[in-house]
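The values are calculated or read from the model by the stated rules, or taken from the named source; none is laboratory data. As the structure is a prediction and not an experimental result, all values here were calculated from the model. Cβ atoms come from the backbone with ideal geometry, glycine included; neighbour counts cover every protein chain shown. Surface accessibility is based on the protein's heavy atoms, side chains included, excluding ligands, DNA and RNA. Shrake-Rupley method; radii C 1.70, N 1.55, O 1.52, S 1.80 Å.
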Amino acid sequence: MIVTGKGGVGKTTVAVALGLRAASEGKRTIVCEVSSQENASRMFEHTAVGFHEVEMEENLWSISIDPDESMREYVLLQLKVRAMRDMLFRSRIFNYLAAATPGLKELVTIGKIWELAQLDRKVKKGRKYDLVIVDAPATGHGVGFLQTPRTFASIARVGPIHSQAQQLDRFITDQEHTGTAIVALPEEMPVNESMTLERDLREEVGVAVDRLYLNGLYPERFKKAEAEKLAALAESENGAAKAAARAALSEYGRAKTQRAQLSRLKKGVEAPVKTLPFLFEPELDVEAARKLAGKLG
Amino acid sequence: MASVGEVLEGKSICICAGSGGVGKTTTSAAIALGMAQQGLRVCVLTIDPAKRLADSLGLAELGNEARQVDPALFEEQGVEMKGELWAMMLDAKATFDELIARQAPDEESRDRVLNNRIYQQISSALAGSQEYMAMEKLFELHTEGDFDLLVLDTPPTRNALDFLDAPRRLTQFIEGKSLRVFMKPTGLAAKVTGRGVSVALGVFKKLVGFDLLADLAEFFNAFSSMVDGFQARAKRVNKLLGDPETCFLVVCGPQGEPIDEAVYFHRKLVEAKLPFGGVVVNKVHYAADELSGEVDDLPTALAEKLDDSALAKRVADNFADYQALAERDSRNIDHLANELRTSCVIRVPYLDEDVHDLAGLSQIDRYLFATAEERVEMAAGRA
């Protein structure tokens, strides 16, 4: 399950919430981060996990996929002769080529995700997972990221990378086993981007879009008549009553415009839209994600 | 605490930097509008304009060329405009192509680069190329000197480092000196340099397939004639970024994560000796004590005034929720001001509506171009 969307919409929170839910259902689940920011492990107040599969809770693991480490692991799996591997890692020219080849970093990152999803793991004593959740790069980079295998297969027309890239492309576009979830906010721009993103994912990448999560939806706390009453109060009062009335009016206005965005999103996409409530909580920690986990549908 | 107007006094370039989703595009547009209103000729360079905002400015077909916002529009909306507001959308690929055309010694080498697959990948997809081209366009417009102020909305890279590093990484990649030596068709250099290199090349060839390597070789050959021009230009771009007439504004939101990124970004700016101007925090909830002084027994007071105790309770609960966010915001912003050792923190409140037109931008400008005291007064609804 690949969780994608614009920056700042709460992809990590949703990815962790999906992970928590799957784990509570008894599925062995791993949440992968690809941005080296370790936002997921930070939510668990865990120290940085790095390129290791670290258990966060029962049935829930986390890993931060670093492209250099993935490259290293890939080469280790490809080359059996130890002396040659050592030579290669020390070789400046090899490292330079690896860094200079467009898309190679993304390719080995997707390669690692594929490896994690295999029941017959390539790494020694690899754990078997029922579900691999990917906290994908922000939109824009996201579509390009998922397209890397295909682009690569067309550039490198021969050699083992060609067939491996093809295999990864089949992995991404396997509608039965691989899916994406788009996270959006109930605002103009994120809603527009999500509609474009869904189309690009379906048509350009060819990956299944299972659902959209509209995150941070304000509750409808006040009715129209009440808002009018509060508007009058905000005008006539001073002090705390004025501030409270204004906060209520702000909530009312937000909730209303957000619902307009929600219906616009529902009309503009094919996949079902699930809403996730705005949490009036100072910081979104693992407990916040747990609250959302129950509402993922 | 200064206003944006004071921070940008005498500056000719303003670069708005920050992570995605913090309202950078809107802030850039609002700054450009506000500065133009004061009588300057301003151009805002944006990466990904909100369509509705662009439409509302009458700039539906924003392209890689600067276009002026119709002065009649300001009059219609009752916005006093002393200067000129221009806008353009950065097209990284088109800018890169133009740059190649300018640097290429002849048409043949130009076409060889433009048609090369590796180039096509780099110019449109390689991380960092968009950032680099933003700098390029900025440099070009600055050199042409048609504007008093250029406002740049940077790409929403999650990692601030990418953006500062982009010019260096890209020129390094393009230089590729060590690589070009080894990729000579004869492979002679490889033999001379020793077995290690030829084995490394051989293994790489095996791993990625020969085609890719041939494309890379072709790319570097085609590019070789332009390397010096690129390097010289990159140096001038870097110099411009460090110029005292340039000002970096960090844009962020009040939550923990964007605040952390703003701190990180500021550190990178200082390390790179780039001129930091201040920080704009968007979507801030102002705290009750700032807004109203003492908070007494609110539910009771509200119940009396509203004559509806159920509604009063909901209003009070909602207010408490907002205050929890306000406390977080002020805690995070204090932390930010401490870390940045700056008093120039401009707080734009969480407005009741999203901004996608001129009126919305003016609304933001009321805060950006006010003093700190005026901002509190406005947020409290007293001004």
Within region B:351-360, can you find the residues that are part of a helix (DSSP H, G or I) and either within 14 Å of chain A (Cβ to nearest Cβ) or touching a Pro at 6+ places or on another chain (Cβ under 9 Å) (or both)?
B:GLY360
Would you point out the residue of region A:175-195, among those that are polar (S, T, N, Q) and touching a helix residue (DSSP H, G or I) at 6+ places or on another chain (Cβ under 9 Å), that is nearest to A:VAL134 (Cα to Cα)?
A:THR180
Just to be sure before I move on: is B:VAL348 β-branched (Val, Ile, Thr), part of a loop (DSSP other than H, G, I, E, B) and surrounded by 18 or more Cβ atoms within 10 Å (Cβ to Cβ) in the structure I sent?
no
Return a yes/no flag: does region B:361-369 have any residue that is under 30 Å from B:ALA60 (Cα atoms), open to solvent by 60 Å² or more (accessible area, probe 1.4 Å) and more than 10 Å from chain A (Cβ to nearest Cβ).
yes
Need at least 1 residues that are of a type in the set (A, V, I, L, M, F, W, C), surrounded by 15 or more Cβ atoms within 10 Å (Cβ to Cβ) and more than 10 Å from every other protein chain (Cβ to nearest Cβ) per element, so show me which helices (runs of 4 or more DSSP H) inside region A:1-97 make the cut, counting only ones lying wholly within it.
A:11-24, A:39-43, A:67-78
Among (1) within 25 Å of A:ALA40 (Cβ to Cβ); (2) within 11 Å of chain B (Cβ to nearest Cβ); (3) free of Cβ contacts under 8 Å to residues at least 60 places away in the same chain, A:PRO137 falls short only on (3)
Checked A:GLU220, A:GLU283 against criteria (surrounded by fewer than 18 Cβ atoms within 10 Å (Cβ to Cβ) and under 26 Å from B:ASN332 (Cα atoms)); the one match is A:GLU283
Just give me the residues in region B:230-260 being open to solvent by 30 Å² or more (accessible area, probe 1.4 Å) and away from chain A (no Cβ under 14 Å), in sequence order.
B:GLN231, B:ALA232, B:LYS235, B:ARG236, B:ASN238, B:LYS239, B:GLY242, B:ASP243, B:PRO244, B:GLU245
For region A:163-175, state whether one or more residues are within 30 Å of A:LEU217 (Cα to Cα) and either open to solvent by 40 Å² or more (accessible area, probe 1.4 Å) or basic (Lys, Arg) (or both).
yes
Of all residues in region B:8-22 being open to solvent by 30 Å² or more (accessible area, probe 1.4 Å) and either touching a residue at least 60 places away in the same chain (Cβ under 8 Å) or in contact with a helix residue (DSSP H, G or I) (Cβ under 6 Å, 6 or more places away or on another chain) (or both), the one that is farthest from the other protein chains (Cβ to nearest Cβ)
B:GLY10
Return the total of residues in region A:182-207 being among the small types (Gly, Ala, Ser) and surrounded by fewer than 19 Cβ atoms within 10 Å (Cβ to Cβ).
1
